[in-house]
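Colleague: One structure is given below, represented as structure tokens, and several questions about it will come after.
The values are calculated or read from the model by the stated rules, or taken from the named source; none is laboratory data. Everything numeric here is computed off the predicted structure, so don't read it as measured data. Positions of Cβ are backbone-derived with ideal geometry, glycine not excepted, and every protein chain shown enters the neighbour counts.
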Amino acid sequence: MIRRRQVLAGGLAAPFVAKAQARARVVVVGGGFGGATAARFLRRYDPALDVTLLEPNTVFTVCPFSNLVIAGGRDFAAQRFGYDAVRAEGVAVVHAAATTIDTAARTVMAANGTRYPYDRLVLSPGIDIVWSGLAGYDEAAASKMPHAWKAGEQTLLLRRQLEAMPDGGTVVMSVPPNPYRCPPGPYERASLIAWYLTKHKPKSKILVLDAKDAFSKQKLFQAAWKQLYPGLLEWVSLSDGGKVTRVDPASLTFETEFGSHKADVGIVVPPQRAGAIAAGAGVADRSGWCPIDPMTFESRLVPGIHVIGDAAIAGAMPKSAFAANAQAKVCAAAVVSLLNGKKPDEPRLINTCYSLVAPEYGISVAGVYRPANGVLADIEGAGGTSPPDAPAEQRIQEAMFGEQWFATITAEVFG
């Protein structure tokens, strides 16, 4: 198990620090954990760079810890961050969405009508919902059966629905096949909703219908469920008929091949793909995600464009905020090297993920990755999970480590 101070360090690549040069132009699309980090570190690695960040939101609402908001254990305001610190690094922050990318002319057109030329482009567009991916589920349905997989109003909607549900009600949540943003996220959400129910609606239950037979930190989650939420939280695997084939928002019904389940609160974690701008730029393949060179995060489909964060096909490295932050640092170092005619160093990247089973019960998984055979691969023996037999004091400590990680990463990304 790697040490926590190593985990908090993020990417392990040592960047080439550029000397004075002509002002090369780098445009970064998307101001989340990947894009904002990339913009800041591009300027740090080479202060001569002209860096523009395109992000439509003036305030960014982050996903980590949003499940605790849903369960009523955290203030929504703690999830929201601005961009003053990014500007202070010398980044031109433009609050406009990127609409089209001309890869031949190397320009990005924004919704404000301005065209931004680039020498290198970094895309960190996050995810989009595949609205056609589950029968019966579309944008209108999300107002009845929230996904809350993009933090914001959906987070608050789901919280209000839980608060309004009568005691004795049933929460039903569907979980899609891999890949999707934050692999353990649905199971943390189920855990924290179960915690909320034990405190406020003890006659209620939550049912998780899963399109998989295995999931991240499964043994740790299931042991905790048995200890904390016996009879209240039920997980149904793919093999046991858990795959949802259709939903009916009007009746809050989930259909599987083996029957239907009526909910008082229905949650759909929908199928996902890379943000739409990635497909428009030609960097997404048939899977909907973006293949990249693991050395530089440059697209395998379009030269001059780098893709980081949830949108990238990053091999063994999961789609998480920590991963996006680590990838952004490696990508920024590679872009600076390439712009200066240097060969990028081979990177080592770290990801860690803290999950809450209850506000004072944390579990974690960590991994270290390197390029191998054209993908990012695990370095065997370099990561690990929380001990399955850890005492209560260690679970409390891991929950605290998660809070410290959140404070550290948001300070680094948003200042």
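Colleague: Can you name the residue in the range 241-265 that is among the hydroxyl-bearing types (Ser, Thr, Tyr) and under 11 Å from Gly136 (Cα atoms) and is also nearest to the chain's Cα centre (by Cα) among such residues?
Modeller: Within the range 241-265, the first condition is being among the hydroxyl-bearing types (Ser, Thr, Tyr), and the residues that meet it are 245, 251, 253, 256, 260.
Applying the additional criterion that residues be under 11 Å from Gly136 (Cα atoms) yields 245, 253.
Numbers: Thr245: 25, Thr253: 28 Å.
Checking each candidate, the answer is Thr245.
Colleague: Would a scan of the range 319-333 turn up a residue that is modelled with pLDDT under 95, within 20 Å of the chain's Cα centre (by Cα) and part of a loop (DSSP other than H, G, I, E, B)? Let's see the steps before the verdict.
Modeller: To start, the set of residues in the range 319-333 that are modelled with pLDDT under 95 comprises none.
For the range 319-333, residues modelled with pLDDT under 95, within 20 Å of the chain's Cα centre (by Cα) and part of a loop (DSSP other than H, G, I, E, B): absent.
Colleague: Report, by residue number, each residue of the range 292-347 that is farther than 22 Å from Ala281 by Cβ and touching a Gly at 6+ places or on another chain (Cβ under 6 Å). If you could, list the steps in order and put the result at the bottom.
Modeller: Here is the first cut: in the range 292-347, the residues farther than 22 Å from Ala281 by Cβ are 316, 318, 320-322, 325-326, 329, 333, 337, 340-343, 345-347.
Residues satisfying the conditions are Asn325, Ala326, Lys329.
Colleague: While we're here: Within the range 83-96, does at least one residue satisfy the condition of being assigned to a strand (DSSP E or B), surrounded by fewer than 20 Cβ atoms within 10 Å (Cβ to Cβ), in the same structural domain as Asp310 (by TED's automatic domain parsing) and touching a Lys or Arg at 6+ places or on another chain (Cβ under 6 Å)?
Modeller: Checking the range 83-96: not a single residue is assigned to a strand (DSSP E or B), surrounded by fewer than 20 Cβ atoms within 10 Å (Cβ to Cβ), in the same structural domain as Asp310 (by TED's automatic domain parsing) and touching a Lys or Arg at 6+ places or on another chain (Cβ under 6 Å).
Colleague: Name the single residue, out of those in the range 144-201 being free of Cβ contacts under 8 Å to residues at least 40 places away in the same chain, of a type in the set (S, T, N, Q) and in a helix (DSSP H, G or I), that is nearest to Ser239 (Cα to Cα).
Modeller: Thr198
Colleague: For Ala164, all conditions in the list (1) surrounded by fewer than 17 Cβ atoms within 10 Å (Cβ to Cβ); (2) in contact with a Lys or Arg (Cβ under 8 Å, 6 or more places away or on another chain) hold save one; what is the number of the exception?
Modeller: (2)
Colleague: Continuing with the same structure: Considering only residues of the range 248-265 that are free of Cβ contacts under 8 Å to residues at least 60 places away in the same chain and over 15 Å from Leu134 (Cβ atoms), which is surrounded by the fewest Cβ atoms within 10 Å (Cβ to Cβ)?
Modeller: Gly259
Colleague: Kindly state which strands (runs of 3 or more DSSP E) lie completely within the range 344-415 and contain at least 3 residues that are touching a Leu at 6+ places or on another chain (Cβ under 8 Å), at pLDDT 95 or above and crowded, with 16+ Cβ neighbours inside 10 Å.
Modeller: Numbers: elements: 349-358, 361-372, 375-378.
Fully inside the range 344-415 and qualifying: 349-358, 361-372.
Colleague: A further question follows. How about the range 299-317: which of its residues are assigned to a strand (DSSP E or B) and surrounded by fewer than 24 Cβ atoms within 10 Å (Cβ to Cβ)? Spell out the reasoning first.
Modeller: The first filter runs over the range 299-317 and keeps only residues assigned to a strand (DSSP E or B), leaving 299, 305-307, 312-313.
Residue satisfying the conditions is Ile313 alone.
Colleague: In the list Ala311, Ala278, Ala321, which residue meets the criterion of being farther than 25 Å from Val365 by Cα and in contact with a helix residue (DSSP H, G or I) (Cβ under 6 Å, 6 or more places away or on another chain)? I'd like the intermediate steps shown before the answer.
Modeller: Working: Ala311 fails: farther than 25 Å from Val365 by Cα; Ala321 fails: farther than 25 Å from Val365 by Cα.
None of the others qualify; the one that does is Ala278.
Colleague: Every residue in the range 146-187 that is farther than 25 Å from Pro125 by Cβ and among the aliphatic types (A, V, I, L, M), please.
Modeller: Leu162, Ala164, Met165, Val171, Val172, Met173
Colleague: Looking at the range 119-126, can you tell me whether even one residue there is in the same structural domain as Trp405 (by TED's automatic domain parsing) and surrounded by fewer than 22 Cβ atoms within 10 Å (Cβ to Cβ)?
Modeller: Yes, the conditions are met somewhere in the range 119-126.
Colleague: What is the one condition in (1) surrounded by fewer than 24 Cβ atoms within 10 Å (Cβ to Cβ); (2) modelled with pLDDT of 95 or more; (3) among the polar types (S, T, N, Q) that Thr37 does not satisfy?
Modeller: (1)
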